[in-house]
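Structure record follows, encoded as structure tokens.
Each reported figure results from applying straightforward, stated rules to the coordinates on display, with no laboratory input. Every value quoted in this text rests on a predicted model; they were computed, and no experiment measured them. We place every Cβ from the backbone using ideal geometry, glycine too, and count neighbours over all the protein chains shown.
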Protein chains: 2
Amino acid sequence: LPAIIAKVYLVGAGPGDPELLTQKAARLLQNTDIVLHDSLVSREVLDLITPNAEIIDVGKRAGQKLLTQDEINSLLVSYAVQNKMVVRLKGGDPTIFGRAGEELDALRRANVPYEIVPGVTAATAAAAAAGISLTDRRAASQVLLTTFSRGENGKQMDWGAVTSTTSLVLYMPGAEYAEVSARLRDGGLPADLPCAIVSAASGARQMVRWSNISRLATEAKLPAPALLIVGRVAAQRAHEISEQAWAALDESPPAASTTRWI
Amino acid sequence: LPAIIAKVYLVGAGPGDPELLTQKAARLLQNTDIVLHDSLVSREVLDLITPNAEIIDVGKRAGQKLLTQDEINSLLVSYAVQNKMVVRLKGGDPTIFGRAGEELDALRRANVPYEIVPGVTAATAAAAAAGISLTDRRAASQVLLTTFSRGENGKQMDWGAVTSTTSLVLYMPGAEYAEVSARLRDGGLPADLPCAIVSAASGARQMVRWSNISRLATEAKLPAPALLIVGRVAAQRAHEISEQAWAALDESPPAASTTRWI
């Protein structure tokens, strides 16, 4: 077999605003032969792709999967073998909830040269939109990026395993707020702990709704993609961050408090 | 007082490679009056600033603080009041370990218009450099972004509060590997859990060292800025990710296992 000289680029498309693409991503989109993109990638970003490139939507649409992961893996390899330059474009950053793992494996197994181009992940775009410092040192020391999907193994979403100085960012395409609220309560988080729902961060229809864990249950649903920031840093009025308004509620350990290797 | 019409932009400079600046950040650097930057911002990024701008290094250098946080806050407000366009440039993303909280407060109190421009945070740049999918669904369901600083309150770094499906990313400027290794062991993480040290991610002198929690203690130190990725996703050989090589060690609960609101 001839050596493969084309590269597959796994590229973060950022949160939506094409201005938040990296310079490298923008350059690659203007010079590639093929783009395989997820449905989360915005129209405005797709508009930056060179008209010479073939564009393939591999994402889900209205619940219908267009291509399986195996099919996507095969496509990436087969284009590379044809020495075509491929951009695999993923919403946000490829290494955060971007399902890059299996694609990287497939490329390695086939000895296809690849490069990951990081992007702005939805968590920080949402924090920027809401004016929230996720690690405000008066209220937080760390950030947990996690997700919510109905029917998944509950053990994997151990939200009880967060301290009061952890900011929790919940990527939640399509999640029910009432269920998320209940799960956070079950995890031992205080009912009046602030949270902010950020919809379409960085896009033209960006929205921020300030709430708390209890009120979240009855909030009207914001359009997807939406993301939830939970923690003291999500207090809308900044002075509350340092007021320790929730300290009094922190005495009793949460119900689901046993941390373990599962 | 006249209304302030100039804006202060809190801008993420990304991990170092100027190609990983967002298009928006690059544009702002070419059009601003003032740039106040941290020492973590790379020389290559600073070279993109318009020659017309005044550039102020507000970061620490060799342990010596150039300006206090209060002085930085005052500078931001005073330039805005003079109707100068200000870029406050921070390494990585402003909302992740960027100390944006106090600056945002100062700007709000002074009614200065501001905007946060998110950037590529060091965690995802390091993951990209190492070819690690932080949320590889075969091995991880969430990501904890945390930090290590000598002398800080240990309670704030509750590494025991991670499950075996949490990828831990440790921002660790200047940390001692032996101490980090001991703390991770104290937190109940298995000695042979993989980790990767990534130094100068995205830069010309980028380095990745594959290790595990036990061996970390004796690794030679890599140049700052360095970051540690800990978890099953950090297995150098991808097949190990799904092999559950560490499952057998996960039976006993970690020593520091009590999760609580502190």
Which residues qualify? For A:Gln142, with a placed amide H closer than 5 Å and at least 5 residues away or on another chain, they are A:Ser167
Would you grab the residues whose amide H sits under 5 Å from the one on B:Ile56? Only those 5+ places off in sequence or on another chain, please, with H modelled 1.01 Å from N. B:Val35, B:Leu36, B:His37
Peptide ranges B:109-116, A:68-75 listed from the most packed, as the mean C-beta count within 10 angstrom indicates: B:109-116, A:68-75
Here segment B:96-112 yields Karplus 3J(HN,Hα) values (6.51, -1.76, 1.60; θ = phi - 60°; whole Hz; Gly and Pro given as x) of 10, 6, x, 6, 7, x, 5, 5, 4, 4, 4, 5, 5, 4, 8, 6, 8
Between B:Thr50 and B:Arg215, how many nm apart are label points set 7 Å from Cα along the C-beta direction? 5.1 nm
Give the calculated FRET efficiency between A:Arg109 and B:Ala3 to the nearest 0.05, with a Förster radius of 45 Å applied to their Cβ-Cβ distance. 0.15
Step through the residues of segment A:181-189 one at a time and calculate ³J(HN,Hα) from phi using the Karplus curve (6.51 cos²θ - 1.76 cosθ + 1.60, θ = phi - 60°), rounding each to whole Hz and writing x for Gly and Pro. 4, 5, 5, 5, 5, 4, x, x, 7
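Count the lysine pairs in segment B:18-93 whose Cα atoms sit under 21 Å apart, keeping only pairs 8 or more residues apart in sequence or on different chains.
Numbers: B:Lys24/B:Lys84; B:Lys24/B:Lys90; B:Lys60/B:Lys90; B:Lys65/B:Lys90.
Lysine pairs, 8 or more places apart or on different chains, close enough: 4.
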Taking the alpha-carbon centre of each part, the distance from segment B:174-204 to segment B:89-118 in Å is 29 Å
Tell me, what HN-Hα J-couplings in whole Hz come from the Karplus equation 6.51 cos²θ - 1.76 cosθ + 1.60 at θ = phi - 60° for each residue of segment B:194-200, using x for Gly and Pro? x, 8, 10, 8, 10, 10, 6
Amide H partners (placed H, <5 Å) of B:Met172, local residues excluded: B:Ala226, B:Leu228
